[in-house]
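Student: Supplied in structure tokens, the structure appears directly below.
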Amino acid sequence: MTLNQLLYFQTIAKYEHFRQASIELNLSQPSLSLSISSLEEELGLPLFERYGRNVRLTKYGEIFLDHVNTILQQCDFAKEHMKQLASNRGHIDIAYVFPLANHYVPNLVRRFLQTKGNENITFSFHQSHTSDMIEGLKSGKYDVIFGSYVEHEPDISFFPILHQELVVIVSNNHELAHCSSIDIDILEQYPIIGYDHGSGLGRKIEKFYHSKSLHPKIICESPDENSIAALVAEEFGIALVANVDCLKNHAVRILPLKGEDLYHTVYVAHRKNYYHIPSIEHFIQFIQATKNSIPS
């Protein structure tokens, strides 16, 4: 059974006449008759019966027509959907690490949609850890992701977009709150609220501690700066975190590290050598063009 056969059947049912249907389809009448006979043989049921010079549907043909109408309508919907995706009305699935949810991603997407020609593009938003997003990118679940750089991923292109300074935060009532900056060794003297060890920042900070031969007392882990800062504000401990805007929403003091030039880089990533619909290509180009112009 082919889509052409379904279209032929639908057209004959419409005109109730093989000759008129053949004219509509620009197909010879013998070829049309042969195609319908083959379809009836495959189904094992008669679809038409003669009625003078015309034909009419059998009761089996009427049942089959309901199915055919649905199938061909879905084909039309699918074709139109694909045309939309190939145009500037496409859809983009993006995923990002939790810290970018507060401002960076909403602001980036809003600015992109305000750019002429992008008004009709739609988005789906997802939040996750970098490792999960990489798998989603490779499986096709996501089109573009924002997170940490991952080594040994030759089929993925990474482009740096943000550089975030790592700072120490303490509660406003903490004994270190009066300091303008602190030494890295201080981190061994107080309970630490850390990032999830499986996150990109969690792994980066763990490597940093190791490089400095530090053994801080990490009492708990959290996924993002919002949750970490909330715990620090309630005096559960102090934390080494990326200096992002959401820290200002909490009762914490932000303290630079003395003599340390410590930054976390956020990357945008997408698949290499892979066909992207125009809307995705435009979005990637927009991100690269606005690099570092949107605060995190």
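The values are calculated or read from the model by the stated rules, or taken from the named source; none is laboratory data. These numbers come from a predicted model, not from an experiment. Cβ atoms come from the backbone with ideal geometry, glycine included; neighbour counts cover every protein chain shown. Calculation scope for accessible area: heavy atoms of the full protein, side chains included, ligands and nucleic acids excluded. Shrake-Rupley method; radii C 1.70, N 1.55, O 1.52, S 1.80 Å.
Student: With all protein chains present and a 1.4 Å probe, how do Arg253, Arg19, Arg89 order by accessible area, largest first?
Tutor: Result of the area sort, largest leading: Arg19, Arg89, Arg253.
Student: How long are the three semi-axes of the equivalent ellipsoid of the chain, in whole Å, if each is the root of 5 times an eigenvalue of the C-alpha gyration tensor, listed from largest down?
Tutor: 64, 18, 16
Student: What length, rounded to one decimal in nm, is gained on full extension from Lys212 through to Thr58, with 0.36 nm per residue of separation minus their alpha-carbon distance?
Tutor: 47.0 nm
Student: Counting only residues 5 or more places away or on other chains, whose amide H sits under 5 Å from the amide H of Asp196 once H atoms are built in the peptide plane?
Tutor: Ser222
Student: Roughly how many Å is it from the Cα centre of the range 92-125 to that of the range 230-296, as a whole number?
Tutor: Between the Cα centre of the range 92-125 and that of the range 230-296, the gap is 15 Å.
Student: Something else: Note down the accessible area of His129, probe 1.4 Å, to the nearest 10 Å².
Tutor: 50 Å²
Student: Same structure, new question: Using a 10 Å cut-off on Cβ atoms, rank the peptides 242-249, 144-151, 26-33 from the highest mean neighbour count down.
Tutor: Top to bottom by mean Cβ count within 10 Å: 144-151, 242-249, 26-33.
Student: Here's another thing I want to ask about it. Sort out for me the Cα centre separation of the range 1-73 from the range 138-199, rounded to whole Å.
Tutor: One Cα centre to the other: 65 Å.
Student: Considering Cα pairs under 8 angstrom that are at least six residues apart, work out the relative contact order of the range 22-110 and quote it in whole percent.
Tutor: Rounded, it is 11 percent for the range 22-110.
Student: I need the calculated FRET efficiency for the pair Arg203 and His81, taking r as the beta carbon distance and R₀ as 35 Å, to the nearest 0.05.
Tutor: 0.30
Student: What do you get for the angle between helix 278-289 and the principal long axis of the chain? Use alpha-carbon atoms, 0 to 90 degrees, nearest ten.
Tutor: 20 degrees
Student: Using 0.36 nm per residue, how much length does the chain from Asn69 to Leu34 gain when fully extended, once their Cα-Cα distance is taken away?
Tutor: 10.5 nm
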